[in-house]
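Accompanying notes for the structure given below.
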Amino acid sequence: MCAAQPITQSIKRYFSLFIVIYLLASCGETELTREWRKYPERIANLTDTSLKSYPDALNQIRLSPADKKQYHIQINAIELNLFKALSISDCNLQRYVGERNSSLGKVHTPTNRLIYERQLLDSLNFCTSINESAHQLILTQLKTKKNNNWPAIINNYLLNSEPSTTILASSSTLLESDSTGFNASLHFIEQLTRFTQTQQAVKSDTITQFKLSAAQLYNRAFLSRLFYTLEYTSYQLNQVTWLLQKQINKQACKTNFKPVEIEYLHNVFIKYYASILQPHLTKLNRMQLQLAPKIAKLWQHSRIQQSQFGQRYLNNAHDSVFHEFELSIKNHTQNWQTLLKQCQLMPTS
């Protein structure tokens, strides 16, 4: 008996430590985070169904980003004789050759390098003197190579730029309200999309806006948090939809008798879902409806969209998190409506 006492005390200490850690973790939760976590548990308790038999696993959500090296495109350097290039005054070539070979030009950030490449491309594409130049052949060949390289440059920027690094990162933090992050992300995506289009020369104010949008998104993980939140909320909704479907199949109110658990379910619907969770879903849906098509349009310029990660988060097709989020809301709403109608609890106008 005496030998067992230290073990018992040790167990008590570990158990006490576990309780303290649990309480501290719970204290750090916001009301919204707590209610999203508890929502399926509340419904499961009232439908007498175990969530353990739900077919999917929560730890399967949020795919890790693909290996970016796999989707990087090697760009062959365009070699020009420096002294020959500096002797060409047409198409403002001297400026770009000098900048590229300066010490500052050799350590461009991804955003500044993209701006440099775009300005050089514009100088060649919209050069009015190229056909009359004594160096027409060199300039034409350079123009062709730069245009051929442009899609690869965009691809690599979408993989390795400062803002893209935060977009392609993993997150497990619920996005509640971040209007600044939303506006910054939307602005960056719109500015970069405009920057990829080469039908006309980019203006100086467009460059300024693009640089500003990239700076505002730096180290701001709004989109990665949005991806996680859409997936997490879809999962929680689908669990409850599955539970509601089982309750609907029981036909608990077919004799016009409302079991007490139905009254409690109705209370959960009003107190937690309609009051706390549904406004959050409305906000998420409004944001993803604006962002999803723009994300898909921009990342069509990157090979990473072909990856499992890209198809899930950088696309808005059938298997994307955006499509599944909308579907989860639709199915969830329909099942609540069916159950409440079945038990004559739907509000009347």
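A viscosity of 0.692 mPa s and a temperature of 37 °C, combined with the Kirkwood radius over Cα pairs in Stokes-Einstein, give a translational diffusion coefficient for the chain of 134 µm²/s. Debye-formula intensities of the range 272-318, expressed as log10 I(q)/I(0) at q = 0.14, 0.23, 0.24, 0.31 Å⁻¹, are -0.44, -0.75, -0.78, -1.02 (one equal scatterer per alpha-carbon, no solvent). If R0 is taken as 30 Å, the Cβ-Cβ distance between His323 and Lys246 corresponds to a FRET efficiency of 0.75.
Give me the percent relative contact order of the chain, please, defined on Cα pairs under 8 angstrom at least 6 residues apart.
Details: 314 pairs, mean separation 83.7, N = 349.
Worked out over the chain, it gives 24 percent.
Spacing of the modelled spin labels on Lys297 and Ile78, each 7 Å from Cα toward Cβ, amounts to 2.8 nm.
Tell me, which longest segment in the chain has none of the GluC sites (Glu not before Pro) that fall in DSSP loops with at most 15 further Cβ atoms within 10 Å? Segment 177-349 is the longest. Put a plus charge on the Cβ of each Lys and Arg, a minus charge on the Cβ of each Asp and Glu, and nothing anywhere else: the dipole of the range 190-349 about its Cα centre is then about 120 debye.
The simple Förster model, with R0 at 22 Å and r as the Cβ-Cβ distance, assigns Tyr264 and Ser179 a FRET efficiency of 0.05.
Please list the three semi-axes, largest first and in whole Å, of the ellipsoid equivalent to the range 249-349, using sqrt of 5 times the eigenvalues of its alpha carbon gyration tensor. Walk me through the numbers on the way to the answer.
Working: eigenvalues 295, 39, 19 Å².
Rounded to whole Å, the semi-axes are 38, 14, 10.
When +1 charges are put on Lys and Arg Cβ atoms and -1 charges on Asp and Glu Cβ atoms, the dipole computed for the range 120-273 relative to its Cα centre reaches about 360 debye. A simple spin-label model places the labels of Ser89 and Leu137 2.3 nm from each other, with each point 7 Å out along Cα-to-Cβ. What the pair-distance distribution of the range 196-266 shows, using all Cα-Cα distances binned every 10 Å from zero, is 14, 22, 17, 15, 12, 12, 8, 0 percent.
Applying 0.36 nm per residue to the separation of Glu162 and Thr128 and subtracting their alpha-carbon distance, the gain on full extension is 8.7 nm.
Tell me the mean residue ellipticity at 222 nm calculated for the chain from its helices only (DSSP H runs of n ≥ 4, each -39500 (n - 2.57), averaged over every residue, nearest 500).
On the way: 15 runs with 225 residues, N = 349.
Mean residue ellipticity, 222 nm, calculated: -21000 deg cm²/dmol.
Ordering Leu298, Thr47, Tyr313 by Cα displacement along the dipole of the chain toward the positive end leaves Thr47 in first place; charges were set at the Cβ atoms of Lys, Arg (+1) and Asp, Glu (-1).
Stretched out straight at 0.36 nm per residue, the stretch from Ala169 to Asn256 would grow longer than its current Cα-Cα span by 26.1 nm. Counting only whole DSSP H helices of the chain, the ones at least 24 Å long by C-alpha along their axis and with mean Kyte-Doolittle hydropathy no lower than 0.5 are 4-27. Please compute the length gained on full extension between Tyr54 and Glu99, using 0.36 nm multiplied by the number of residues separating them and subtracting their Cα-Cα distance. The span from Tyr54 to Glu99 would gain 10.2 nm if fully extended.
Computed from the coordinates by the stated procedures, all read-outs in this text should not be read as laboratory data. Note that the structure is a prediction, hence the values are computed from the model and not measured. Glycine gets a Cβ as well: all are built from the backbone with ideal geometry, and neighbour counts include every protein chain shown.
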